[in-house]
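Notes for the one structure printed next.
The values are calculated or read from the model by the stated rules, or taken from the named source; none is laboratory data. As the structure is a computational prediction, the values presented were derived from the model and not from experiment. Please note: Cβ atoms are built from the backbone with ideal geometry, for glycine as well, and neighbour counts cover all protein chains shown. Just the protein is used for accessible areas: all its heavy atoms, side chains included, with ligands, DNA and RNA removed. Shrake-Rupley method; radii C 1.70, N 1.55, O 1.52, S 1.80 Å.
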Amino acid sequence: MALLVSLPGGNQAMTWILLLLLSAACLQAGNSPGSNKVNAFGVNQPAHLSGVQGSSIEIPFSFYFPWELAEDPQMRILWRWKKFHGEFIYNSTPRFIHEHFKNRLILNWTQPQTAGVLRILDLKKKDQTVYFCRVHLNTKEGTRIWQTTDGTRLAISPAISTTMQSPSMITSAVTTAGLEDTEDQRNPSLVNLGATVGVVVATAVLITPVYVLMVFLWWKQRPAD
């Protein structure tokens, strides 16, 4: 756009001064706080988040717009995944949850709030993708719909196993190990006792016939009455 200024007397110096002042005023007005958001609207989401399989995660979001809301704005929050035009996985009204996320999605948001949180429970490896928040609402100028373009990229890492044996299992293992260690070893005291019993029995077996023979001979040789 060109701006022509003419002053009496043809004072060109004054003309250039006025042009510079007007240009500076236009630049200042354009850079004033809030001037770029007069007609702005959008959705804010974190660019990246990470979670662990089996745990839960929250995706915060907020949105802004310049329009005046209708008497009944009928605000709705929807979520898509994988790509900008991907499948819908959540709809606040009417309530809808994708089969893959059955009983695993919770939206912490109520109308007319402009911020909330989408919580994903029991994270799975397949949940690793991009998530897009979409806003529907009615204004005095009509229905407005918009969605974040970049979304939130969610990374899922495998859970670290921390399984430990219970005390009963450990005790059982120790007991079993002790039995295995002593299975092929005899107790010295038991060995000695067994040897002693064996000697006594052997001696009794040898002495008993001799004693019986002596008693028989003595009976034969005694004087007859």
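Taking amide H as placed 1.01 Å from N in the peptide plane, the amide H of Gly42 sits under 5 Å from that of Tyr64, each at least 5 places away or on another chain. Near the amide H of Val52, within less than 5 Å, lie the amide hydrogens of Ser157, all on another chain or at least 5 residues away, with H placed in the peptide plane.
Given the pairs Lys102/Lys140; Lys83/Lys125; Lys82/Lys102, which span a C-alpha to C-alpha distance of over 27 angstrom in this model? Present the calculation step by step, with values, prior to reporting the outcome.
Numbers: Lys102/Lys140 36 Å; Lys83/Lys125 17 Å; Lys82/Lys102 17 Å.
The answer is Lys102/Lys140.
For segment 80-148, the carbon plus sulfur part of the accessible surface works out to 51%, probe radius 1.4 Å.
Computed from label points 7 Å out along Cα-Cβ, the spacing between Ile160 and Ala115 is 3.2 nm.
Within the shell defined by Cβ-Cβ distances under 13 Å, the residues around Leu107 carry a net charge of +4, with Lys and Arg each +1 and Asp and Glu each -1.
Going by Cα centres, segment 46-92 and segment 98-146 are how many Å apart? About 3 Å separates the Cα centre of segment 46-92 from the one of segment 98-146.
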